[in-house]
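The next block holds one structure in the form of structure tokens; read it before the comments.
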Amino acid sequence: MKIKKNFAVLLLMLVAFSANVMTAQQMPPIPMDEAVRVGKLDNGLTYYIRHNDYPEHLVNFYIAQRVGSMQEEDNQRGLAHFLEHMAFNGSEHFKGNGIIDYVRTLGVAFGADLNAGTSFNYTVYHVNNVPSTRQSALDSCLLILKDWSHGLLLEDEEIDKERGVIHQEWRTRPYQKRMLENMLPAMYPDSKHGQRMIIGLMDIIDNFPYQDLRDYYHKWYRPDNQALIIVGDVDVDYTEAKIREMFKDISVDPNSPKVVPFEVPDNEHGIFFVNTDKELTVNYITTYFKHDAIDNELKSNVNYLIVGYMNEMLSSMLSARFNEKAQEPDCPFIAAICSDDDYLIANTKDAFTIQCYPKDAKTEDALQAVLTEVKRAKQFGFTATEFARAQEEYMSELEARYNERDHIDNSTLGMACVNNFLENEPIMSIQTEYELMNQIVPNIPFEYINQGLQQLLNQYVGETDRNLVVISNEADRDNAKISTPESLKAAYERAVSANVEAYVDNVKQEPLMAKLPVKGKITGEVENAKLGYKELTLSNGAHVMLKKTDYKQDEIIMLAIRRGGKSLYGKEDLANLKMMDQFNSMKKLGGFTKNELSKALAGKQVYASYVIDHYTNGVIAQSTVKDMETMFQLTNLMFTDLGKDEQAFNKVMTQQAEQLANQASNLDAIYQDTIANTLSDHNWRFRALKPEDMQQVNYDRLMQIAQESTANAADYTFIIIGSFDEQAVRDNIEQYIASLPAKKGKKSDWANISSYPAGHVTNRFAAKMETPMSKVSVVWFDDKTPYSFENNIKANILGNVLAKVLTQKIREDEGATYTLMAQGLSSNNGDKPLTMVEVDCPLKPEFTEKALSIINGEMVNACTSIDPGTIKDIKENLIKNFTANAKVNQYWVNILMHKCLFDLDIHNGWEEIINAQTSETISAFARQLLNGGNKVEIVMTPQD
Ligand SMILES: [Zn+2]
């Protein structure tokens, strides 16, 4: 689209008076992406169809409903979500669990690819990643959408079975949902939003009359509230004709009620609310400045893009200031970020929102500090250098997306259509967005935009506490200092009356590397045809595995890796080794602090991180083609110029101490730590960090570990994968990798540090919890059989078999659990292999022992007989996933890493190995695992 001549002038006026941007009607409409076919049937059903070939030969199907829990009556609270569950429990063409069983035969897994979500205003169902090989399968997926739209059976017996599942979902809901439930009435005092938590009321879930659910379904699930979205490898004309034929006969009663938006009233005075929970791990304060949402009709206009751009600039610059402030040692908050968004769950109200993580017991000071920054920006605006960075960042992200325009996946494109239907968000091609923004952004002088942004911020954040909402979420541990609404209000008032000075932007005006290193050479080269890479030897002894791909247009990944890791250090470094996981947040690189570096890298799409695990360490980095040299420089500095940043270190330590203090009441953390301890036979390396360990942390020692682990480049292999230019990458390798310091001699290796318990070990314990539930884990393992790709596949299949039968028995038949997880894998822990199959399941407490006996019984059953149909479906799914993964750069990082660390090819032959599996091979594998005699059982029950 070409912008007209007077456009730029108009634009400047709009930006300078941004408060009026959305009322100005002169701007052109946003052109809709031509690749999307949109249509509507006479009965009101909307459809979107789009052909797309990324990933290849797969199709996504969605049905979006413009209704959610907000449409429930008082006697139906929880039924919008209940209905979503019932969509998988019997419909006209798919009786019982027929939908789940049918899509399994296509290699589509329930949960991952077949699923649904209910929100306050919407409900969206999907069947994703359906192979396009057979048209009849695609037609059947349309039939599933049709059944969802209007063919659910909602039978008495199936409803009764699902009550328990949903009750379990409520029981095992994370504390975040409990806290949400608690704060909604405070946030929405005079609107229905406060009373429509999605999970609903358990009294209703357990007892509602069948008809209440059917009423909701028939009243709201109608073609005029629904859209079908089909994206992927489809014939658009055929699909459109098919939809028209299949859905045309569904009629709508002309007297049906309309879906009306629920308004959120303004609050005349500030709302201050303290939300406490015993299991909260990190305290945070959310401050909302409510304002009117943009009308859906206005979103199709270019104005909307400009407002979006300005909001992004505002949030990005203010968040950067928060981030810089947080580095100061006496700053009362650890981090803060802002954005303009929906007022949490309302689609009729927006809010400029600031989320802030206070340091321990500094809630009020933290709130005051972030609000003072807001006042500073309101009063003085931003600086030209801040804006230049924010703009560069925006443009470089846009360009990176534009460069990948042929690799936009079905999910991204599908969700754009869903959002168009539900929220009238524009469906714009990346080409259009790129061209438009390239005409708009560089044409706005800084003075104009700064004035506009200041006005925008003043419009969001008024002079009084009208429409202000502050929610402080605080962990209610013993002796914790909890704030009060009054103390929060006082903090707000202190910020309002604070004297502020203009922000000064300190930028380190130095190049990343002052002097380039002396170039080394590529001294040897061999090709590995089987895995399609070249192995280069460098003059300093380092190795490079180079694999050029076209899976992405503009993506390069580099992993520098060596054997070693934490295994090289002993128990005296316990605390230091744990803290090494956060080394990236506490270092200087090339003399730059984290904040200086982020300013220096503004507008570049690149990162590099130091990584260390038990057996390996190195650097992982990624960039676009344009920023490849910066990626090499950052990686080089990681080997040559790591330095101390005391401020950053202290910040990490404060943060860590607080997290550990809260962890004592966090059930997930307690449970995970128990599993790790039991499974490692109480090996100190695998236990969680404790508050008392913190005194042992030594910053000098952390630096020493990092520096000695990167001292010798000859230990390392640099895996480089992506869409690089061959000559450019070789130049960079010689300049930045072959030049790294190295020593002659033996390469580094790992030590064997793993340990496992022998025989059967049971660990039962009781824990205090807010909502009583129990949890069991059963792990069968074998540490004698060597690691192989084949064992890994067998373990994986066995895990999937158990997941299927146990979900049927414990969830579907008994309603005793909501999520049951079963998985199997084989791995190499250094030179100590481990093959295992694990079942984890949160439960209704009274069902604990029965569940254990079912889990153990099904493992015994798997040793003698497994349904061949189940094996066939699982293989179908594995083959589909491998086929797609083989065209992803990250997959190849893993393949080449196995090659360089273990000299194993875990790619070639995968299809034959999967195809060779049968009920017999998996039963034999189960017998071997069971007869090995190693098993761990963890049982957690509620404490009275
Ligand atoms: Zn659910």
Subject >> Residue-averaged 222 nm ellipticity for the chain, from DSSP H runs of 4+ at -39500 (n - 2.57), nearest 500 >> reply: -12500 deg cm²/dmol
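From the square roots a ≥ b ≥ c of the eigenvalues of the alpha-carbon gyration tensor of the chain, which class results: rounded (a/c under 1.5), prolate (a/b over b/c), or oblate? Walk me through the numbers on the way to the answer.
Details: a/c = 1.28, a/b = 1.02, b/c = 1.25.
Rounded, because the longest to shortest axis ratio a/c is under 1.5.
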Subject >> Whole-number D in µm² s⁻¹ for segment 768-925, Kirkwood Cα-pair radius fed into Stokes-Einstein, 25 °C, 0.890 mPa s >> reply: 144
Original post:
Out of segment 470-571, which GluC sites (Glu not before Pro) are coil in DSSP terms and have no more than 16 other C-beta atoms within 10 Å?
Top reply: Glu501
**OP:** Would you mind working out the magnitude of the charge dipole of segment 312-394 relative to its Cα centre, with +1 at each Lys and Arg C-beta and -1 at each Asp and Glu C-beta, to the nearest 20 Debye?
**Re:** 240
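Give me the percent of accessible area attributable to carbon and sulfur for the chain, probe 1.4 angstrom.
Values: 19220 of 38840 Å².
Solvent-exposed carbon and sulfur of the chain make up 49 percent of the total.
For Lys534 and Arg37 in one chain, what is 0.36 nm times their gap in residues minus the Cα-Cα distance, to one decimal in nm?
Numbers: separation 497, 0.36 × 497 = 178.92 nm, distance 4.44 nm.
In short, 174.5 nm is gained.
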**OP:** Provide the solvent-accessible area of Glu328, counting protein heavy atoms only and rolling a 1.4 Å probe, rounded to the nearest 10 Å².
**Re:** 80
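With a cap of 16 neighbouring Cβ atoms within 10 Å, and only residues DSSP puts in a loop, list the GluC sites (Glu not before Pro) found in segment 192-297.
Taking segment 192-297 and a limit of 16 other Cβ atoms within 10 Å, the loop GluC sites (Glu not before Pro) found are Glu263, Glu268.
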Subject >> Furthest towards positive pole of dipole, Phe61, Phe382, Gln355, structure part the chain, Cβ charges >> reply: Phe382
Original post:
Restricting attention to the alpha-carbon atoms of segment 199-343, what are Rg (one decimal) and Dmax (integer), both in Å?
Top reply: 23.6, 68
Original post:
For segment 349-389, what class follows from the C-alpha gyration tensor (a ≥ b ≥ c being the square roots of its eigenvalues): rounded when a/c is under 1.5, otherwise prolate if a/b is larger than b/c, else oblate?
Top reply: prolate
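Between Ile482 and Leu904, take the C-beta separation as r, use R0 = 51 Å, and let me know the FRET efficiency to the nearest 0.05.
Numbers: r = 54 Å, r/R0 = 1.06.
Efficiency, rounded to the nearest 0.05: 0.40.
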**OP:** Between Glu726 and Ile430, take the C-beta separation as r, use R0 = 25 Å, and let me know the FRET efficiency to the nearest 0.05.
**Re:** 0.35
Original post:
What list of whole percents do you get for P(r) of segment 722-763, with Cα-Cα distances grouped in 5 Å bins up to the one holding the largest distance?
Top reply: 5, 12, 12, 11, 9, 10, 9, 7, 6, 8, 8, 3
Original post:
Taking a spot 7 Å from the Cα of Ser827 along the direction of its beta carbon, which residues of segment 542-562 have an amide N less than 16 Å from it?
Top reply: none
Original post:
If each of Thr654 and Asp944 carries a label point 7 Å out from its Cα toward its Cβ, how far apart are those two points in nm?
Top reply: 4.5
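To the nearest 20 debye, what is the magnitude of the charge dipole of segment 661-701 about its Cα centre, counting +1 on the Cβ of each Lys and Arg and -1 on the Cβ of each Asp and Glu? Mind showing how you got there, number by number?
Numbers: 4 positive and 6 negative charges, 14 e Å.
In debye, rounded to 20, segment 661-701 gives about 60.
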Subject >> Largest to smallest accessible area among Arg134, Arg494 [probe 1.4 Å] >> reply: Arg134, Arg494
**OP:** Leaving ligands, DNA and RNA out of it, work out the accessible area of Met32 with a 1.4 Å probe and give it in Å² to the nearest 10.
**Re:** 80
Subject >> Taking segment 819-944 and dividing mean pair separation by its residue count, relative contact order in percent (alpha carbons under 8 Å, at least six apart) >> reply: 25
**OP:** Work through the residues other than Asn129 whose Cβ is under 12 Å from its Cβ and net out their charges, Lys, Arg +1 and Asp, Glu -1.
**Re:** -4
Subject >> Distance-filtered residues of segment 356-370 - backbone nitrogen under 12 Å, label point 7 angstrom along Arg494 Cα→Cβ >> reply: 362-370
Original post:
Dipole of the chain (Lys/Arg Cβ +1, Asp/Glu Cβ -1, origin at the Cα centre): which of Ala320, Gln76, Gly722 lies farthest to the positive side?
Top reply: Gly722
Original post:
Dipole magnitude of the chain about its Cα centre, charges +1 at Lys/Arg Cβ and -1 at Asp/Glu Cβ only, in debye to the nearest 20?
Top reply: 2160
Original post:
Over segment 272-364, what relative contact order in percent results from Cα pairs under 8 Å that are six or more residues apart?
Top reply: 38
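Please report the relative contact order for the chain, taking Cα pairs under 8 Å with a sequence separation of at least 6, and give it as a percent rounded to a whole number.
Result for the chain is 14 percent.
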Original post:
Which listed residue (Ala657, Val625, Asn636) has the Cα farthest towards the positive end of the charge dipole for segment 596-715, taking +1 on Lys and Arg C-beta and -1 on Asp and Glu C-beta about the Cα centre?
Top reply: Val625
Original post:
Distance from the Cα centre of segment 790-851 to that of segment 495-563, in angstrom?
Top reply: 40
**OP:** Rounded, prolate or oblate: pick one for segment 613-717, where a ≥ b ≥ c are the square roots of the eigenvalues of its C-alpha gyration tensor, a/c under 1.5 means rounded, and failing that, prolate if a/b is larger than b/c, else oblate.
**Re:** prolate
**OP:** With all protein chains present, calculate the accessible area of Met415 using a 1.4 Å probe and round the result to the nearest 10 Å².
**Re:** 80
**OP:** Calculate the spin-label point distance for Glu56 paired with Asp190, positioning each point 7 Å from the Cα along the beta-carbon direction, and give it in nanometres.
**Re:** 6.1
Original post:
How far apart, in nm, are the 7 Å Cα→Cβ label points at Tyr607 and Ser136?
Top reply: 4.7
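So, R0 is 25 Å and r is the distance between the beta-carbons of His760 and Arg927; what FRET efficiency does that work out to, to 0.05?
On the way: r = 17 Å, r/R0 = 0.67.
Efficiency computed from Cβ-Cβ geometry: 0.90.
The values are calculated or read from the model by the stated rules, or taken from the named source; none is laboratory data. If you're wondering where the values come from, they're calculated on a predicted model, not measured in any experiment. A quick note on method: Cβ atoms are made from the backbone with ideal geometry, for glycine too, and the neighbour counts reach across all protein chains shown. When the accessible area is computed, the model is the full protein with side chains, heavy atoms only, and any ligands, DNA or RNA have been set aside. Shrake-Rupley method; radii C 1.70, N 1.55, O 1.52, S 1.80 Å.
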